[in-house]
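Encoded as structure tokens, the structure appears first; notes follow it.
The values are calculated or read from the model by the stated rules, or taken from the named source; none is laboratory data. Small disclaimer: the values here were computed from a predicted structure and weren't measured. Every residue, glycine among them, receives a Cβ derived from its backbone with ideal geometry; neighbour counts consider all protein chains shown.
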Amino acid sequence: MFHATLDSTKTWKQIVDALATLLTEAHFVVSKSGISLRQLDSSKAAMIDLHLPAGVFQEYSCEKEHDVCLGIDELSKVSKRMAGDDRLEFDLDEKDNRFEIRMLGQAERRFSLQLLTPPDSRSKPPKLSFDVKAEMFADSFKQAVKDIGVISNHVKIISDSKSITFAGEGDTGEAEVSLKKGDEESPLFELQVENNATAMYALNYLAEITKAMGSDSVTLQFSNDKPIQIDFAIAEGGSISFVLAPRVERR
């Protein structure tokens, strides 16, 4: 048995939009403590990790662990039908193998989605260590990715103890955005650097990830030519992490 309610359609839409950046199917693990998801995209170049503790929801009841696998396209279509003032109810119908979403507003609307067969195994968390941790305004990160995208299809991120720089180059020229630690008006809140690091990542992935950001701040963690982890908050106590493999330059 699983039942939950959520007063914020904005939160649910943000979750679905984030999953849609990488996945075609969403494999949720629903337990007494909350809802989680950890999945690789089809190319295995990126992973998304979602945690929604039970406290995110206004009501939450789950007697045992369930695997809930749903098509992202169907979830997206349903979320687009949600009005801003709707209250949401979620129920798992184990008998008919369906996941029900009810929208309670001016009208009561119900969508019953067929459950898909979950994968045979769950993705394991990657074992990563990082030399750089940077926290900044999410909007500044979004703008940096857009700026580099004018010129390049990849983003090189460079950090030393004083700054973090986003750079790219293409056939038409070069672009660079630098955020400095300690500047009074800098959008960079925190910069911890154990070792200077440089790594390059595909811009198309970063651009999609930035579209999913609904929080004010974002945390980047990376090392030299290693995966980057991008973390941001969702709702009260929830979080989403993206891990993206680097694009290694041939030397």
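A few points about this structure:
- Number of the exception - Val78 against (1) assigned to a helix (DSSP H, G or I); (2) under 25 Å from Gln229 (Cβ atoms): (2)
- Residue list for segment 227-236, restricted to those being part of a loop (DSSP other than H, G, I, E, B) and at pLDDT below 95: Ala235, Glu236
- Scanning segment 1-35 for residues that are part of a strand (DSSP E or B) and either surrounded by fewer than 17 Cβ atoms within 10 Å (Cβ to Cβ) or of a type in the set (A, V, I, L, M) (or both) yields a count of 9.
- On inspection, Glu169 fails the criterion of being in contact with a Phe, Trp or Tyr (Cβ under 9 Å, 6 or more places away or on another chain) and farther than 27 Å from Gln14 by Cα.
- With respect to the stated conditions, Leu113 is touching a helix residue (DSSP H, G or I) at 6+ places or on another chain (Cβ under 9 Å), under 30 Å from Gly71 (Cα atoms) and in contact (Cβ under 8 Å) with a residue 40 or more places away in the chain.
- Restricting attention to segment 36-61, the residues that are touching a residue at least 40 places away in the same chain (Cβ under 8 Å) and in a strand (DSSP E or B) total 14.
- Top-ranked residue in segment 215-226 [being out of contact with any helix residue (DSSP H, G or I) (no Cβ under 9 Å at 6 or more places or on another chain) and assigned to a strand (DSSP E or B); ranked as farthest from Val243 (Cα to Cα)]: Thr219
- Note on segment 191-214: residues that are buried (at least 17 other Cβ atoms within 10 Å of the Cβ) and part of a loop (DSSP other than H, G, I, E, B) amount to 3.
- Within segment 41-56, the residues that satisfy the criterion of being surrounded by fewer than 18 Cβ atoms within 10 Å (Cβ to Cβ) and of a type in the set (A, V, I, L, M, F, W, C) are Ala45, Ala54.
- In segment 54-65, the condition of being basic (Lys, Arg) and either in contact with a Pro (Cβ under 7 Å, 6 or more places away or on another chain) or over 25 Å from Phe242 (Cβ atoms) (or both) is met by at least one residue.
- Residue satisfying condition, being closer than 26 Å to Lys77 by Cα and outside the structural domain of Thr24 (by TED's automatic domain parsing), within set Pro119, Pro125: Pro119
- Any chance Ser79 is closer than 17 Å to Lys10 by Cα and within 19 Å of the chain's Cα centre (by Cα): yes
- The set of residues in segment 21-33 being of a type outside the set (Ser, Thr, Tyr) and touching a residue at least 60 places away in the same chain (Cβ under 8 Å) consists of Leu22, Glu25, His27, Val29, Val30.
- Of the residues making up segment 166-190, those that are under 17 Å from Lys133 (Cα atoms) and either surrounded by 11 or more Cβ atoms within 10 Å (Cβ to Cβ) or in contact with a strand residue (DSSP E or B) (Cβ under 8 Å, 6 or more places away or on another chain) (or both) are Phe166, Ser178, Leu179, Lys180, Lys181, Ser186, Pro187, Leu188, Phe189, Glu190.
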